[in-house]
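The values are calculated or read from the model by the stated rules, or taken from the named source; none is laboratory data. Given the structure is predicted, the values throughout are model-derived calculations rather than measurements. Please note: Cβ atoms are built from the backbone with ideal geometry, for glycine as well, and neighbour counts cover all protein chains shown.
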Amino acid sequence: MKRTGRTIDRIAAAVLLAGIASLHSTCEARAESPAGENEVLEAAEKVTPTVEEIAQQLWDLAEVSLLEIKSSAYLKDVLTRNGFAITSEKTAGVPTAFIAEYGKGEPKLGILLEYDALPGLGNEPVPERQPRKDGVTSGHGCGHNLIGAGAMGAALAIKNLMVANDVPGTLRVYGAAAEESEGAKVFMAREGAFDDLDAMLHWHPMDVAHVSKVRLAATTHMYVEFKGKAAHAGLYPWKGRSALDAVEILLHSVNMMREHVEPTARIHYIITDGGKAPNIVPDRAVVMLTYRDADRERVNAGIAWIKDMVEGAGLATQTEGLAIDYFGMHDLLPNTPLADRMHKHFKTVGLPEYTTEENAFATELQNASGLEPTGMAAQVGPIPDEPRLGGFTDVGDVSYITPTMGVTVPSMPQGIPLHSWMATACHGHSIGFKAAVTASKVLTLTGIDLLTDAELLEQVKADFDERTEGFTYESPIPDTIKEPSGLPDEMRRYGTRAQLKATILNNTGDHGLAPHSHGTGAPHTH
Ligand SMILES: [Zn+2]
Ligand SMILES: [Zn+2]
């Protein structure tokens, strides 16, 4: 789908002006009992036990991407018990995604929850490698249990403040499932779920403290499969055609391509199927490839080039290639006034104080990882000057639709990497829980400002409009992909994976290769 940036801007401007007009009068009316900084911090402090409970629950569940069934049900339950209405479930084709809402009218503020874990990273919350005693092998190595908990804390505190102070507006909570695989936010963005928002807040656990005024990469995930002919590799290899040969030619081409793309490009791949035995000519070979660059335009150009290579490799080896760019994301667009305000609040909240036990945990973990035992980050860093980083997030797509800003809060000792068992250990420990509580406070302070400070919202919107001038949001997900490709058949609503494969093979349009090229197998994300 396509939306015209200018039209959206005009509508948004009209809505915003109306909102500002009503806000000005509201601010005057509220002058007798304004929610001061202390009251806001108190409200945020009050939800601390709930934040800790959610962090623990989600950590215990440790459900991986697309399968966060109990986690999403649990979060929906917390929201309903606290006066939110669930306005959407199985949102945008993602079974574990949802939307909840409190309040009505303008302005409209969004908060992003995440809750998926990673496979194989399960660990007890101890500073050494120790698999979980209950046998759960997955773990919150990216700390999305803390994101769910901290963002939920902010949602609850903001809602309580809205009730206590008659703050007008809509608070919308997004159950943004599957961040680690095919992020629900991109599917939601395609359905227009963020179109009417005035701003969006998010956060991520890390080993450092700063507002997320950074640029992350635009990304496309690609599935490539070649179909050849099997034959005895010794008796009559001439009867066979090797799908693995095609993969080798493709990947050699990709590696030669590296010299001729800009330094911002990152291309990485794995071969998930390269044949079954050396004495059989492989009749099937599969590559999963990720292409990243500074923006979607560059990623799209790179992907088109690689599709040509797939076709070339097929011609060279008399095999047939199938290439599907099944999922993608936009780069992350920062917002200056929002980053400035969030930074101010982050400084006010400050970093947690740690107990002797927590500090010992931190240095032991660093020692176990061969790092200097420097402990936890001690202060909130300066506002980053929008450096371009190679990571990606599905928050990127949200950030091109509505003004978006977040913070990273130390949940692990300095130098400990995300996506590791060490990270899982921290995120099930009070060190991690304190990060969620801190984030909840920063998001609450910023969220209340966005609902009540019309001048701030105006500046935020102006910055967004300037950065997106002439921009039209186009989903990086092909139209044929109605739900995440990695969903198991029993959870699919739009046909099995085999049916999806058939649809893609019959579709000679934008995705896959030219009409004559085809292969076997459905796209997947393993
Ligand atoms: Zn992650
Ligand atoms: Zn993450």
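Quick look at the numbers
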{"quantity": "All positions within segment 280-320 that are among the aromatic types (Phe, Trp, Tyr) and in contact with a Gly (Cβ under 8 Å, 6 or more places away or on another chain)", "calculated": "291"}
{"quantity": "Qualifying residue in segment 321-342 (condition: of a type outside the set (A, V, I, L, M, F, W, C), modelled with pLDDT of 95 or more and closer than 17 Å to residue 205 by Cα)", "calculated": "no"}
{"quantity": "Hits in segment 337-387 (condition: over 28 Å from residue 128 (Cα atoms) and of a type in the set (Gly, Ala, Ser))", "calculated": "339, 350, 381"}
{"quantity": "Strands (runs of 3 or more DSSP E) wholly inside segment 242-350 containing at least 1 residues that are without any contact (Cβ under 8 Å) to a residue 40 or more places away in the chain and in contact with a helix residue (DSSP H, G or I) (Cβ under 9 Å, 6 or more places away or on another chain)", "calculated": "266-273"}
{"quantity": "Close pairs from segment 353-375: first farther than 14 Å from residue 425 by Cα, partner part of a helix (DSSP H, G or I), Cβ under 6 Å, at least 6 apart", "calculated": "373/363; 373/366; 373/367; 375/359; 375/362; 375/363"}
{"quantity": "All positions within segment 222-240 that are charged (D, E, K, R) and either at positive phi or not in a helix (DSSP H, G or I) (or both)", "calculated": "225, 227, 229"}
{"quantity": "Residue in segment 205-221 that is nearest to the chain's Cα centre (by Cα), counting only those that are more than 16 Å from ligand 2 (Cβ to nearest atom) and assigned to a loop (DSSP other than H, G, I, E, B)", "calculated": "213"}
{"quantity": "Within segment 418-436, tally of residues that are part of a loop (DSSP other than H, G, I, E, B), touching a Pro at 6+ places or on another chain (Cβ under 8 Å) and either closer than 11 Å to residue 118 by Cβ or among the aromatic types (Phe, Trp, Tyr) (or both)", "calculated": "1"}
{"quantity": "Residue under evaluation residue 444, criteria (1) assigned to a helix (DSSP H, G or I); (2) touching a Lys or Arg at 6+ places or on another chain (Cβ under 9 Å); (3) of a type in the set (Ser, Thr, Tyr), criterion not met", "calculated": "(2)"}
{"quantity": "Pairs, first more than 16 Å from residue 150 (Cα to Cα) in segment 419-441, second in a helix (DSSP H, G or I) and of a type in the set (A, V, I, L, M), C-beta under 6 Å, six or more apart", "calculated": "422/365"}
{"quantity": "Residue in segment 154-175 that is assigned by TED's automatic domain parsing to the domain that holds residue 112, in contact (Cβ under 8 Å) with a residue 24 or more places away in the chain, within 23 Å of residue 438 (Cβ to Cβ) and within 16 Å of ligand 1 (Cβ to nearest atom) present", "calculated": "no"}
{"quantity": "Only listed residue being away from ligand 2 (no atom under 16 Å from the Cβ) and farther than 25 Å from residue 367 by Cβ, chosen from 166, 116", "calculated": "166"}
{"quantity": "Elements of type strands (runs of 3 or more DSSP E) contained in segment 84-194, each with 1 or more residues being at pLDDT 95 or above and surrounded by 20 or more Cβ atoms within 10 Å (Cβ to Cβ)", "calculated": "98-104, 108-113, 169-175"}
{"quantity": "Test: residue in segment 414-421 that is in the same structural domain as residue 39 (by TED's automatic domain parsing) and surrounded by 24 or more Cβ atoms within 10 Å (Cβ to Cβ)", "calculated": "no"}
{"quantity": "For residue 101: the one exception among (1) touching a Leu at 6+ places or on another chain (Cβ under 6 Å); (2) away from ligand 2 (no atom under 16 Å from the Cβ)", "calculated": "(1)"}
{"quantity": "Yes/no for residue 370 being in a loop (DSSP other than H, G, I, E, B) and in contact with a Pro (Cβ under 8 Å, 6 or more places away or on another chain)", "calculated": "no"}
{"quantity": "Segment 447-470, subset assigned to a helix (DSSP H, G or I) and small (Gly, Ala, Ser), residue nearest to residue 164 (Cα to Cα)", "calculated": "447"}
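Let's see how each residue does on (1) loosely packed, with under 15 Cβ neighbours inside 10 Å; (2) under 29 Å from the mean Cα position of the chain (by Cα); (3) closer than 30 Å to residue 229 by Cβ; (4) among the hydroxyl-bearing types (Ser, Thr, Tyr):
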position	(1), (2), (3), (4)
325	no, yes, yes, no
335	no, yes, no, no
370	yes, no, no, no
377	no, yes, no, no
383	no, yes, no, no
403	no, yes, no, no
